[in-house]
Amino acid sequence: MDATALVSAWNALVHHLACVFTRPTAAVWEQLALGWVLHRGPATVTGMIRTLGPLAERHWTVYHKFFYRASWSLSDLSAQLLTKVIYPLILRAAQRNGRTGKPVVDLHIDDTTAGRYGRHVAHAGWFKDASCSGPAYKGTVIHWAHNWVVGAVTLRLPRWPLVRWVLPVLFALYRKQDDCNGDHPFQTRQQMAAAMVRQAAEALPGVIWRVCVDGQYATRDMVAGLPAGANLVSRIRCDAALHDLPTGRRRKGCRRGPVPKKGKRLVKLKELAQRTDGWKTITVSHQGRQVTREVLGIVCLWYHVCRATPVRVVIVRDPDGRQKDDYFFCTDATVGEQEIVQRATDRWGIEESIQEAKQQLGFENTRGWCSKTVNRQAPLAMVLVTLVKAWYASAALEEPRLLPKGTPWLPDKQRPTFLDMLSALRGVLWRHRIFEHNSGNSTLARQVHKLLAAVDYVLCAAA
């Protein structure tokens, strides 16, 4: 597979999303996507234009207006990303429900902060984030930032069975209550997350969605907002009020009134974990390696959150005693303990994907300050993360030289990181730009001049 074919594969993925824009705006989108991927440094529009060089054919103001004036919708972009880019990967993963035969997909949702500077930046506020640096008070890191809720599809492809392909696709900016109005009513993060699941189900109605979220999303709003057919895995409090399933009969000696909706109160999970019988040993994939865990599962009611829907609660224990006990639940009581633990373990992939977008594509380094730019610019960094991974998942199968190369300290490297994927794409695009676009009727001196100019910029940007 030559460089032209690899570049065409990338252009096809970018072009899949072009139908969201008008024809002039679609051309700007394709140029910005190229400049964004090639640019090294903060995700500023000026930096992208300078990276494009003569390829930026429009006036420089057009590229800025793409974010704050052009007519396009982020939700439409997410829907198109799901149907045109991610759905073919879902079919390739070939994970299907044994009873219905429908594709089964994991959707992980989490929130993160993107640090900003300046009081004039729209929708910014004080948010806490333990993963960032800044002033701390009693162990809690608080900084001036935007708070994004992100939804990512997680797949395992046959070529890389131990690699989690985490593809960010759904985005919502959390706004505090005093920053909302009639045009934008206040929503909690849990309500935003439930709306994301519904949006994904509307885009791909023939898919069974398995949602996994952190413990803060284990609320009634989240569970009640799930679409039909979707189920949820999350953490559960160790002191949650759990009950037996209802017997369907009135209490002894009670002849009037409704039938009780729940059974007797169960002991707390910490006390239940002291049992010595009923434990099972399972093996789950964790960060590319197999680990052993002991689990104890029960079917019960968590009436405070799930109402009368039976849930399966799982207590997870490290047999070596190095980690504390974990507690998870699933809104589908027919799901087994091993699947619940594996889904909860895979949820960490969205944390890694957010870090990739921040460190490599400038999710946290955008400079827009008005409302439209704030709502549009940062999510495009994660859209490009998904496009880069989708391109690599297909291109690396056809072109072995794109596979990760061993190093002196890791000679048997087989699993590509996102930086490996991005570096492979940048190498393909730069080689095509230098050697293909500088051939033809131009003189040798002009070719050498353009070649040296391009190499000089790459070296300066890498310094």
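The values are calculated or read from the model by the stated rules, or taken from the named source; none is laboratory data. The model shown is predicted, which means the values in this text are computed figures rather than measured ones. With ideal geometry, Cβ positions are generated from the backbone for all residues, glycine too; neighbour counts draw on all protein chains shown.
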Residues being in contact with a Cys (Cβ under 9 Å, 6 or more places away or on another chain) and either charged (D, E, K, R) or surrounded by fewer than 18 Cβ atoms within 10 Å (Cβ to Cβ) (or both) - total across segment 338-349: 4
Residue among Gly47, Gly41 that alone is in contact with a Lys or Arg (Cβ under 9 Å, 6 or more places away or on another chain) and not hydrophobic (A, V, I, L, M, F, W, C): Gly47
Test result for Ala218, small (Gly, Ala, Ser) and within 17 Å of His108 (Cβ to Cβ): yes
Test: residue in segment 351-363 that is surrounded by fewer than 23 Cβ atoms within 10 Å (Cβ to Cβ) and of a type in the set (Val, Ile, Thr): no
Qualifying positions in segment 317-331 - touching a strand residue (DSSP E or B) at 6+ places or on another chain (Cβ under 6 Å) and either surrounded by fewer than 18 Cβ atoms within 10 Å (Cβ to Cβ) or farther than 21 Å from Thr219 by Cα (or both): Arg317, Pro319, Asp325
Of the criteria (1) modelled with pLDDT under 95; (2) out of contact with any Ser or Thr (no Cβ under 8 Å at 6 or more places or on another chain), which one Cys132 fails: (2)
Residue among Glu339, Glu294 that alone is at pLDDT 95 or above, in a helix (DSSP H, G or I) and charged (D, E, K, R): Glu339
Test for Trp126: is it out of contact with any Leu (no Cβ under 7 Å at 6 or more places or on another chain), surrounded by fewer than 13 Cβ atoms within 10 Å (Cβ to Cβ) and modelled with pLDDT of 90 or more: yes
Number of the condition not met by Trp369 [criteria: (1) hydrophobic (A, V, I, L, M, F, W, C); (2) assigned to a helix (DSSP H, G or I); (3) at pLDDT below 95]: (2)
Test: residue in segment 349-363 that is in contact with an Asp or Glu (Cβ under 8 Å, 6 or more places away or on another chain), of a type in the set (D, E, K, R) and under 24 Å from Tyr217 (Cβ atoms): yes
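Regarding Ala33, is this residue in contact (Cβ under 8 Å) with a residue 24 or more places away in the chain, out of contact with any Asp or Glu (no Cβ under 9 Å at 6 or more places or on another chain) and either of a type in the set (Phe, Trp, Tyr) or surrounded by 19 or more Cβ atoms within 10 Å (Cβ to Cβ) (or both)?
Considered against the rule, which asks whether it is in contact (Cβ under 8 Å) with a residue 24 or more places away in the chain, out of contact with any Asp or Glu (no Cβ under 9 Å at 6 or more places or on another chain) and either of a type in the set (Phe, Trp, Tyr) or surrounded by 19 or more Cβ atoms within 10 Å (Cβ to Cβ) (or both), Ala33 comes out as yes.
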Residue in segment 406-428 that is crowded, with 22+ Cβ neighbours inside 10 Å, in contact with a Ser or Thr (Cβ under 7 Å, 6 or more places away or on another chain) and not in a loop (DSSP other than H, G, I, E, B) present: no
Segment 2-48: number of residues that are outside any helix (DSSP H, G or I) and on the phi < 0 side of the Ramachandran plot: 9
Scope segment 255-273; condition under 19 Å from Arg235 (Cα atoms) and exposed (fewer than 12 other Cβ atoms within 10 Å of the Cβ); matching residues: Val267, Glu271
